[in-house]
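Since the structure comes first, as structure tokens, the remarks are kept for the end.
The values are calculated or read from the model by the stated rules, or taken from the named source; none is laboratory data. Since the model is a prediction, treat every value here as computed from it, not as a measurement. Neighbour counts are summed over all protein chains in view; Cβ atoms, including those assigned to glycine, are modelled from backbone coordinates with ideal geometry. Only protein heavy atoms, including side chains, enter the accessible area calculation; ligands, DNA and RNA are left aside. Shrake-Rupley method; radii C 1.70, N 1.55, O 1.52, S 1.80 Å.
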Amino acid sequence: VQALQGGADAVFIQHPWTRRQSGVQDYIEPFESFIVFRTLAYHLGGSRYLGEFEPSPGICALIFDYDGRGCLFVWRQENHRFSALQDCLKLVLGENPQQIDLWGNRTELVTNNHVTEVRVGHNPFLLTNINTRLALLRSSVKLNPSTIEASIVRQQTTLSFYNTFTGPITGRFRLLLNQPETNDWQIEPSMVTFSLQPGQEFNQTIDMQFPRNELGGPKTLQA
């Protein structure tokens, strides 16, 4: 997968099987990795790498596309702690996404009001039949800078994303301030409306200030 991400036109691996002889017969016995290779070759073979994003802290998602058929390869980073809430992702993926593990087993996904719940375990997995444009829109969301100083003065960061669709889009971007990590923060504006032409980028300066008793470290802004 990382070779495809790096732009490799072909990926060579050692044969995922062993050969043994019994009498005059030759037997080829596949390793378990043969099934994994089959799954990845079927879903990612001939696809194009388009980008990546973190649907939740510590979880990575690579976006692939094959003639309009989108696919996400998702895994959790090593040594990253997770809570029960972080183990369940809520993503906007499209009409009928499917979750497939490395051995080709499919898991039924629950979609409610266009939001799909995805469970993240210890092993990487694939999300197939996704809307590639939605995934690219999600991957384009950035805060710059993504770190702020340990100072109680009001600071600024810039929210940006761009229209990945072939037509114009309009909508609202809302930062949820009633979350445990940012309940006492002051963020202005907390909601902005946008109207973007295809390929147009949205930029909005965000003022934020945290309370005097705030602890340092990574923070999650829910939006």
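When a/c reaches 1.5 or more, the comparison of a/b and b/c decides; with that in mind, is the range 24-71 rounded, prolate or oblate per its Cα gyration tensor? Cα axes put the range 24-71 in the oblate bin.
Which of rounded, prolate, oblate describes the range 72-223, given a ≥ b ≥ c as roots of the alpha-carbon gyration tensor eigenvalues and a/c under 1.5 marking rounded, otherwise prolate only if a/b is larger than b/c? It comes out oblate by the Cα gyration axes.
Measuring gaps between exposed loop sites in the chain (chymotrypsin sites (Phe, Trp or Tyr not before Pro); DSSP loop; at most 12 other Cβ atoms within 10 Å), the longest gap, sites not included, is 104-223. Here the accessible area is traced with a 1.4 Å probe on the protein chains. For the chain, carbon and sulfur cover 48 percent of it. Taking R0 as 25 Å, what's the FRET efficiency between GLN179 and VAL92 from their Cβ-Cβ distance, rounded to 0.05? Between GLN179 and VAL92 the formula returns 0.85.
Counting only protein heavy atoms and using a 1.4 Å probe, the accessible area of ARG48 comes to about 140 Å².
Enter the accessible area per residue of the range 96-223 (Å², integer; probe 1.4 Å; all protein chains in place).
Result: 63 Å² per residue.
With an a/c value of 1.5 or above and a/b not larger than b/c for the gyration tensor axes a ≥ b ≥ c computed over the alpha-carbon atoms, the range 118-188 is described as oblate.
What the Cβ-Cβ distance of VAL141 and SER22 gives, at R0 = 35 Å and to the nearest 0.05, is a FRET efficiency of 0.05. Computed over protein heavy atoms with a 1.4 angstrom probe, the accessible surface ordering of GLU149, GLU78, largest first, is GLU78, GLU149. Between helix 33-44 and the chain there is an angle of about 50 degrees, using the helix long axis and the longest principal axis of the Cα atoms. Computed from label points 7 Å out along Cα-Cβ, the spacing between SER151 and ARG212 is 1.8 nm. Only protein heavy atoms count here; under a 1.4 Å probe, LEU176 has an accessible surface of about 50 Å².
Each stretch of four or more DSSP H residues adds -39500 (n - 2.57); spread over every residue of the chain, this sum gives -3000 deg cm²/dmol at 222 nm. Cβ-Cβ distance of THR193 and ILE35, R₀ of 35 Å, FRET efficiency by 1/(1 + (r/R0)^6): the value works out to about 0.15.
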